[in-house]
Amino acid sequence: MKPSILEHIVCPTCRSDFKLLTKSKLKNEIKEGTLICVKCKDKFKITKGIPRFVVDLTKDFVRTEMAFSAKWKNHHRNHHAKDWVNWQKNWFLERFDWKSIGQFNTFLKSVDFAYKKYGTSSNIHFIQADIRQLPFRKTFFDYIFSDQVLHHTKNTSTSFKYLTKFLAKSGFISIYVYNKKAPIREYVDDYIRKRTVKMSVRECTEFSKDMAYLGRTLSKLRKKITIPRDIPLLGVKAGTYDIQRFVYWNFLKCFWDESDNFQRSVGVNFDWYYPKFAYRHTVSEVKKWFRDAKLKITTLKEIESGISVTGRKKS
Ligand SMILES: C[S@@+](CC[C@H](N)C(=O)[O-])C[C@H]1O[C@@H](n2cnc3c(N)ncnc32)[C@H](O)[C@@H]1O
Ligand SMILES: [Zn+2]
């Protein structure tokens, strides 16, 4: 943590300033210490260089965070693989119409890994906080970017509304949330997730492997299926589809990575089945959130998996 962050953060409980107690320091980085609110005296620890604002360990956020951390610990090498990094770069360029990805070579899923990689950059600060209880003043940000996070909170719409309060006038916000799938796939997702969210990491990893094997078997068929006419009740459109893709989008999430990466496939299935909350939304819902927050949509893109939207606050 750089001491200069103190100009920007406030106590998430009462929005007053912090006093900093430094325990250990390396060059300009506070590695260990405590932030104490000058008014309500709430304390937040700085550990491994990062101020930690998630203090209530019973919060749902913690289990979700654990889910991604568990996966990250096991699979972080995969996330540095060249094809994955390129895929991530294209994600930002295509989904949000970014013209370049600037100095970020990749975005990392865990704050500790991100800190290790970019912590020494003088113009980047890292914090760990609940997106529903942020340590900033209202209208602080010119740009807010939340990729695949809001749908993992307990209420996507209220989390979005809360986030927009931190946006300055004329500021932009970009989000990506999961898209609602075909009705049978939604039904099956609800049925499976009701059980998998209660599993241990190990049990859910085993189930995620089962789904990867199933995805692989279907994928290796290399067979296509032709649906002669639309089946509106099932949300199925007439057309010719790869069997694995057809099952995947319409009936059951059984991801298989086309480059034959088993661990990555298990990780993608695990991401879907383990987090306590993983809501899916429609374009009209998302449009309503932006309308209600008085944000003008500047780009909106929909793919089968999700919806990416950027909006601007009135000046
Ligand atoms: C699918 S990952 C997306 C991470 C990153 N944005 C990316 O695209 O690589 C979902 C992330 O949301 C975080 N998350 C879930 N609920 C949260 C909350 N209430 N506050 C902050 N982060 C949360 C999880 O810890 C996890 O890292
Ligand atoms: Zn306070």
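Descriptive notes on the structure:
Residues checked against (1) closer than 22 Å to SER305 by Cβ; (2) buried (at least 20 other Cβ atoms within 10 Å of the Cβ); (3) not assigned by TED's automatic domain parsing to the domain that holds VAL266:
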residue	(1), (2), (3)
THR158	no, no, yes
SER208	yes, yes, no
THR217	yes, no, no
THR226	no, no, no
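- Unique match (being of a type in the set (Lys, Arg), surrounded by 15 or more Cβ atoms within 10 Å (Cβ to Cβ) and closer than 27 Å to ILE9 by Cα) among ARG185, ARG137, ARG132: ARG132
- Test result for GLY235, of a type in the set (Gly, Ala, Ser), in contact with a helix residue (DSSP H, G or I) (Cβ under 6 Å, 6 or more places away or on another chain) and either exposed (fewer than 12 other Cβ atoms within 10 Å of the Cβ) or over 28 Å from PHE262 (Cβ atoms) (or both): yes
- Residue within region 267-278 that is aliphatic (A, V, I, L, M) and assigned to a loop (DSSP other than H, G, I, E, B) present: yes
- All positions within region 7-19 that are buried (at least 16 other Cβ atoms within 10 Å of the Cβ) and more than 11 Å from ligand 2 (Cβ to nearest atom): ILE9
- Taking region 140-245 and the strands (runs of 3 or more DSSP E) fully enclosed by it, the elements with 3 or more residues that are over 22 Å from the mean Cα position of the chain (by Cα) are at 167-178, 224-227, 239-242.
The values are calculated or read from the model by the stated rules, or taken from the named source; none is laboratory data. Predicted model only: the values in this text are computed from it and were never measured. Because the Cβ atoms are built from the backbone with ideal geometry, glycine has one as well, and the counts that use them run over all protein chains shown.
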